[in-house]
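J.: Mind looking over this structure? Questions follow.
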């Protein structure tokens with residue numbers, strides 16, 4: 001069953017592309033027609049592509065891996081942050097830090113620096129600083145929080161990138177391509193889809209359009225997370241059952257061993273009694 005339908009996407013305005021003069025010819029397979037100088041996206045293909053992307057995201061989540069959401073457009077950043085937070089996934093909605101993926105260890109150092117500042121503030125180490133020095137440290141902490149706070153829990157490279165507007169976030173896409181990280185992208189008619197692993201042709205400017213697509217994809221990720229939890233619960237139950245059966249088998253084996261020893265000792269005890277009459281007869 002499809003995760004979205006034509007009417008939902010139509011109502012959200014997913015079909016509106018860019019002006020005809022701004023189009024990228026590589027998007028021709030996803031364009032239905034042109035009206036008043038604006039390209040109209042084929043929503044039947046969008047529905048199909050959303051299902052493909054959602055299935056891939058579900059499999060990634062089922063394996064316990066992370067998906068990094070990227071979108072720095074002012075009109076869409078709030079909805080990206082909300083949806084990513086709801087499924088406990090990292091996101092970047094401010095400026096993309098250059099080298100965030102290709103130079104990930106340096107980014108982790110900056111995140112650790114933020115954690116160290118918090119620790120020193122809480123234990124009173126900064127209590128002896130002047131007001132000016134304290135203000136500088138506070139501003140540095142606020143800047144780190146703004147740019148890296150949303151990826152503080154991302155201790156390793158993500159397994160996939162979900163990008164809103166692949167043309168604006170071209171640096172993030174290039175870094176992911178260089179490292180072989182799959183990219184799921186909302187691609188408008190002015191963008192090039194060739195470096196995107198899972199293309200979702202749709203309007204990437206309207207908040208409603210982005211939200212409709214994110215709802216379907218985040219629901220798939222949530223399903224993958226729940227399936228992983230269920231699999232782990234089943235594994236624990238199976239292990240507990242196996243341990244219980246082994247515990248019951250041990251007393252049975254012990255009882256069987258005692259019976260065997262008694263059976264072996266009985267003939268040994270009867271043997272001298274059987275030999276006594278034979279000695280008397282002699």
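The values are calculated or read from the model by the stated rules, or taken from the named source; none is laboratory data. Quick caveat: nothing in here was measured; it's all calculated off a predicted structure. Every residue, glycine among them, receives a Cβ derived from its backbone with ideal geometry; neighbour counts consider all protein chains shown.
J.: Out of region 210-228, which residues are closer than 22 Å to residue 39 by Cβ and either out of contact with any strand residue (DSSP E or B) (no Cβ under 8 Å at 6 or more places or on another chain) or without any contact (Cβ under 8 Å) to a residue 12 or more places away in the chain (or both)?
T.: We begin by selecting, within region 210-228, every residue closer than 22 Å to residue 39 by Cβ; these are 210-213.
Within region 210-228, 211, 212 meet the criteria.
J.: Can you tell me which condition residue 74 does not meet? The list is (1) closer than 17 Å to residue 163 by Cα; (2) in contact with a strand residue (DSSP E or B) (Cβ under 7 Å, 6 or more places away or on another chain); (3) at pLDDT below 95, and all the others hold.
T.: Only one criterion in (1) closer than 17 Å to residue 163 by Cα; (2) in contact with a strand residue (DSSP E or B) (Cβ under 7 Å, 6 or more places away or on another chain); (3) at pLDDT below 95 is unmet by residue 74, namely (2).
J.: I've got another one for you. Residue 99 is checked against (1) in contact with a helix residue (DSSP H, G or I) (Cβ under 9 Å, 6 or more places away or on another chain); (2) within 20 Å of residue 204 (Cβ to Cβ); (3) touching a residue at least 40 places away in the same chain (Cβ under 8 Å) and fails just one. What number does that condition carry?
T.: (2)
J.: If residue 111 satisfies all but one of (1) assigned by TED's automatic domain parsing to the domain that holds residue 220; (2) in a helix (DSSP H, G or I), what's the number of the condition it fails?
T.: (1)
J.: Hey, residue 60 hits all of (1) assigned by TED's automatic domain parsing to the domain that holds residue 143; (2) closer than 20 Å to residue 159 by Cβ but one; which does it fall short on?
T.: For residue 60, the exception is condition (1).
J.: For region 53-77, which positions are more than 15 Å from residue 223 (Cα to Cα) and in contact (Cβ under 8 Å) with a residue 60 or more places away in the chain?
T.: If the condition is that a residue be more than 15 Å from residue 223 (Cα to Cα) and in contact (Cβ under 8 Å) with a residue 60 or more places away in the chain, then 68, 69, 70, 71, 72, 73, 75, 76 are the ones that fit.
J.: For region 80-89, enumerate the residues that are buried (at least 18 other Cβ atoms within 10 Å of the Cβ) and more than 17 Å from residue 166 (Cα to Cα).
T.: The answer is 83, 84, 87, 89.
J.: What residue, among those in region 183-198 that are surrounded by fewer than 24 Cβ atoms within 10 Å (Cβ to Cβ) and outside any loop (DSSP other than H, G, I, E, B), is farthest from the chain's Cα centre (by Cα)?
T.: 198
J.: Tell me the residue from 208, 204, 118 that is in a helix (DSSP H, G or I) and under 30 Å from residue 45 (Cβ atoms), please.
T.: 208
J.: Still on this model: So, residue 140, is that one over 21 Å from the mean Cα position of the chain (by Cα) and either in contact (Cβ under 8 Å) with a residue 12 or more places away in the chain or closer than 30 Å to residue 201 by Cα (or both) or not?
T.: Values: over 21 Å from the mean Cα position of the chain (by Cα): yes; either in contact (Cβ under 8 Å) with a residue 12 or more places away in the chain or closer than 30 Å to residue 201 by Cα (or both): yes.
It is true that residue 140 is over 21 Å from the mean Cα position of the chain (by Cα) and either in contact (Cβ under 8 Å) with a residue 12 or more places away in the chain or closer than 30 Å to residue 201 by Cα (or both).
J.: Quick one: which of 64, 98 is in a loop (DSSP other than H, G, I, E, B), surrounded by fewer than 18 Cβ atoms within 10 Å (Cβ to Cβ) and more than 11 Å from the chain's Cα centre (by Cα)?
T.: 98
J.: Please state which of the following conditions residue 172 fails to meet, knowing it meets all the rest: (1) modelled with pLDDT of 90 or more; (2) surrounded by fewer than 18 Cβ atoms within 10 Å (Cβ to Cβ); (3) farther than 18 Å from residue 46 by Cβ.
T.: Going through the list (1) modelled with pLDDT of 90 or more; (2) surrounded by fewer than 18 Cβ atoms within 10 Å (Cβ to Cβ); (3) farther than 18 Å from residue 46 by Cβ, residue 172 breaks only (2).
J.: Is region 7-18 home to any residue that is under 30 Å from residue 155 (Cβ atoms), out of contact with any helix residue (DSSP H, G or I) (no Cβ under 8 Å at 6 or more places or on another chain) and either at pLDDT 95 or above or in a helix (DSSP H, G or I) (or both)?
T.: no
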